[in-house]
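Here is the structure we will look at, set down as structure tokens.
The values are calculated or read from the model by the stated rules, or taken from the named source; none is laboratory data. Quick caveat, the model's predicted, so the values are computed rather than measured. We place every Cβ from the backbone using ideal geometry, glycine too, and count neighbours over all the protein chains shown.
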Ligand code: ATP
Ligand code: MG
């Protein structure tokens, strides 16, 4: 089976509907046809200031949501990044073949530092994409299902793999970019010009997987819609309505065309009510299951430890290959 790698940061108490649609839904499908490795990337999460106790809790919560959303830790490998030491070790080596200018062109770094400026940003945030490349390359992953916001980072991963291979001899598998077009980017409900993010600043604009159903419904009813009154899919002219249509289409399985026909002559209120009902129905069992899993943290930690062993076996072999290629003296 082709190898797949993907991950999310434990940067909040809950994942949101963008993470669900852009990543988790595909993970669930792909784990049946791929040798899938899913990581909770806690090393990435410390690239911005974090609270230690919160990080630990968020890491468990993120893992619980993967499982509750259908990732099967017996079939797929589901582990915590800091449990496998090879990640930062390979990242260090890749740092040395990454150009400073190349890293400076990463738009996620620019976006995340736009407000406060780069002076306050950590070097870790700057080299985040290099650690991400290490994550993928350690596992010889061919497929990396992510949202549109990660396209540039996966392209960097490909460049680094090719560069290392041509400098030191074939070592890495060069991964493919696999991003689903329509669902690749879900926008903030209060600010449909920017992507929904765990670290976003509009609490009412983020639909959390672990929100209570009534809260979810209220956020959707209060979503910013656009001028006019017709429900049409037009991302340029009607970003708010189009975002809701995308969500409804993914969650119900109805095509955008079918939805356009269905809402012909009906207003935004009808649309919002249907989106709220559909999302609540989709999330409620996942939320319940995640909270159940979190009631038994010892069992969850045990599952994560076993999966980390499986991951480390693959990652350590790749790292050994790399260390040999770059000329490190083997320890006798
Ligand atoms: P943060 O604000 O901490 O960066 P995030 O919401 O961007 O959080 P990540 O952990 O960075 O989430 O990304 C996890 C996965 O979710 C990635 O595959 C990413 O592409 C995807 N993703 C994140 N936000 C969206 C979104 N709004 N729409 C679709 N996919 C998304
Ligand atoms: Mg992000």
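Per-residue answers, yes or no, for (1) within 23 Å of residue 45 (Cβ to Cβ); (2) surrounded by fewer than 20 Cβ atoms within 10 Å (Cβ to Cβ):
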residue	(1), (2)
170	no, yes
180	no, yes
188	yes, no
194	yes, yes
198	yes, no
206	yes, no
210	yes, no
216	no, no
(message) Suppose we keep only residues that are surrounded by 16 or more Cβ atoms within 10 Å (Cβ to Cβ) and free of Cβ contacts under 8 Å to residues at least 40 places away in the same chain within the range 278-292. Which one would you say is farthest from residue 139 (Cα to Cα)?
(response) 278
(message) I'd like the full set of residues that are within 16 Å of ligand 2 (Cβ to nearest atom) and modelled with pLDDT of 95 or more, limited to the range 169-190.
(response) 186, 187, 188
(message) Being away from ligand 2 (no atom under 16 Å from the Cβ), buried (at least 20 other Cβ atoms within 10 Å of the Cβ) and assigned to a helix (DSSP H, G or I) is the filter here; which residues of the range 134-168 pass it?
(response) 134, 137, 160, 161, 164
(message) Quick check on my filter: what residues within the range 192-206 are within 16 Å of ligand 2 (Cβ to nearest atom), part of a loop (DSSP other than H, G, I, E, B) and either over 18 Å from residue 111 (Cα atoms) or touching a residue at least 12 places away in the same chain (Cβ under 8 Å) (or both)?
(response) 196, 197, 198, 199, 200, 202, 206
(request) Being more than 16 Å from residue 287 (Cβ to Cβ) and in a helix (DSSP H, G or I) is the filter here, so list the residues in the range 211-228 that pass it. (result) 221
(request) Give just the number: which of (1) under 27 Å from the mean Cα position of the chain (by Cα); (2) at positive phi does residue 265 not satisfy? (result) (1)
(request) Among the residues of the range 84-123, write down those that are over 15 Å from residue 134 (Cβ atoms) and more than 16 Å from ligand 1 (Cβ to nearest atom). (result) 99, 100, 101, 102, 104, 105, 117, 118, 119, 120, 123
(request) Keeping to the range 293-305, report how many residues are touching a residue at least 24 places away in the same chain (Cβ under 8 Å) and out of contact with any strand residue (DSSP E or B) (no Cβ under 8 Å at 6 or more places or on another chain). (result) 6
(request) Scan the range 9-37 for residues that are in contact with a strand residue (DSSP E or B) (Cβ under 7 Å, 6 or more places away or on another chain) and within 11 Å of ligand 1 (Cβ to nearest atom) and jot them down. (result) 10, 14, 15, 16, 18, 19, 23, 26, 27
(request) Considering every residue within the range 308-329, establish whether at least one is touching a residue at least 24 places away in the same chain (Cβ under 8 Å), over 24 Å from residue 83 (Cα atoms) and either over 24 Å from the mean Cα position of the chain (by Cα) or outside any helix (DSSP H, G or I) (or both). (result) yes
(request) Could you tell me whether residue 4 is part of a strand (DSSP E or B), more than 16 Å from ligand 2 (Cβ to nearest atom) and within 27 Å of residue 319 (Cα to Cα)? (result) yes
(request) Return yes when residue 53 is assigned to a helix (DSSP H, G or I), surrounded by fewer than 20 Cβ atoms within 10 Å (Cβ to Cβ) and free of Cβ contacts under 8 Å to residues at least 40 places away in the same chain and no when it is not. (result) yes
(request) Could you list, in sequence order, all residues of the range 10-40 that are surrounded by fewer than 24 Cβ atoms within 10 Å (Cβ to Cβ) and assigned to a loop (DSSP other than H, G, I, E, B)? (result) 11, 12, 13, 14, 31, 32, 33, 34
(request) Return yes or no: is residue 257 assigned to a helix (DSSP H, G or I) and modelled with pLDDT under 95? (result) yes
(request) Give just the number: which of (1) surrounded by fewer than 19 Cβ atoms within 10 Å (Cβ to Cβ); (2) at pLDDT 95 or above does residue 247 not satisfy? (result) (1)
